[in-house]
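> Before I ask anything, here is the structure I am working with.
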Amino acid sequence: MSVTSIEAGKAPRRIGAWVLQGIVAIVFFAAGAAKLAGAPFMVQIFAQIGIGQWFRIVTGVVEIIGAFALVYPGLASIGGLWLGGTMIGAVATHLLILHSSPLPAVVLGTLNAVIVYLRRDELVALAAAARD
């Protein structure tokens with residue numbers, strides 16, 4: 001098997017990863033922007049959480065940074081981990097505090113896990129660079 005055929009075999013995975021990253025980044029950017037803009041439904045949700053509106057701002061910033069990382073070459077795997085961790089917190093919050101459906105957070109967390117899996121070579125390279 002030649003190097004060219006190995007690289008050609010990765011093309012569909014790369015294209016699929018970029019499409020998924022773009023879609024997920026748009027969703028997180030929109031959610032983060034809504035939090036930062038103080039959309040009434042976001043203010044209400046964070047009031048129910050009870051930590052304070054500062055947490056809405058922090059969460060919005062985290063989501064926007066993660067959205068940019070998803071589409072910045074070389075950082076998609078880190079963005080996926082960053083946002084996946086955020087979604088673990090969102091699932092716990094929906095279940096334990098808000099007593100509402102965590103389904104959107106579960107779906108977004110799963111999509112971030114898929115991105116990390118598709119970009120696993122990137123994550124390995126970043127880990128190797130960090131060790132050097």
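The values are calculated or read from the model by the stated rules, or taken from the named source; none is laboratory data. Keep in mind it's a predicted model, so treat the numbers as computed, not measured. Counting neighbours? That spans all protein chains shown, and the Cβs are built from the backbone with ideal geometry, glycine included. Each accessible area value is taken on the protein alone, full model and side chains, heavy atoms only, with ligands, DNA and RNA left out. Shrake-Rupley method; radii C 1.70, N 1.55, O 1.52, S 1.80 Å.
> Take R120 and V43, extend 7 Å from each Cα along the Cα→Cβ direction, and tell me the distance between the two endpoints in nm.
4.6
> Right, here's the next one. Could you tell me the convex hull volume per residue, in Å³, taken over the Cα atoms of the chain? Provide the component values of the computation, followed by the final result.
Working: hull volume 15.7 nm³, N = 132.
Enclosed volume per residue, from the Cα hull, is 119 Å³.
> Same structure, new question: When the helices in the chain are scored as -39500 (n - 2.57) per DSSP H run of 4 or longer and the sum is shared across all residues, what 222 nm value do you end up with, to the nearest 500 deg cm²/dmol?
Calculated at 222 nm, the ellipticity per residue is -28500 deg cm²/dmol.
> Using only Cα atoms, figure out Rg for region 15-62 and give it as a multiple of 2.2 N^0.38 Å. Can you show the working numbers first?
Numbers: Rg = 12.9 Å, N = 48, 2.2 N^0.38 = 9.6 Å.
With N residues counted in region 15-62, Rg over 2.2 N^0.38 Å equals 1.34.
> What number comes out for the charge environment of F41, summing +1 per Lys or Arg and -1 per Asp or Glu over other residues with Cβ under 12 Å away?
On the way: positive: K35, R56; negative: none.
So the environment of F41 carries a net charge of +2.
> Given a 1.4 Å probe and every protein chain left where it sits, what share in percent of the accessible area of the chain is carbon and sulfur?
77
> Using θ = phi - 60° and the Karplus form 6.51 cos²θ - 1.76 cosθ + 1.60, what ³J(HN,Hα) does each residue of region 108-125 get, whole Hz, x for Gly and Pro?
5, x, 5, 4, 5, 5, 5, 4, 4, 5, 5, 9, 4, 4, 5, 5, 4, 5
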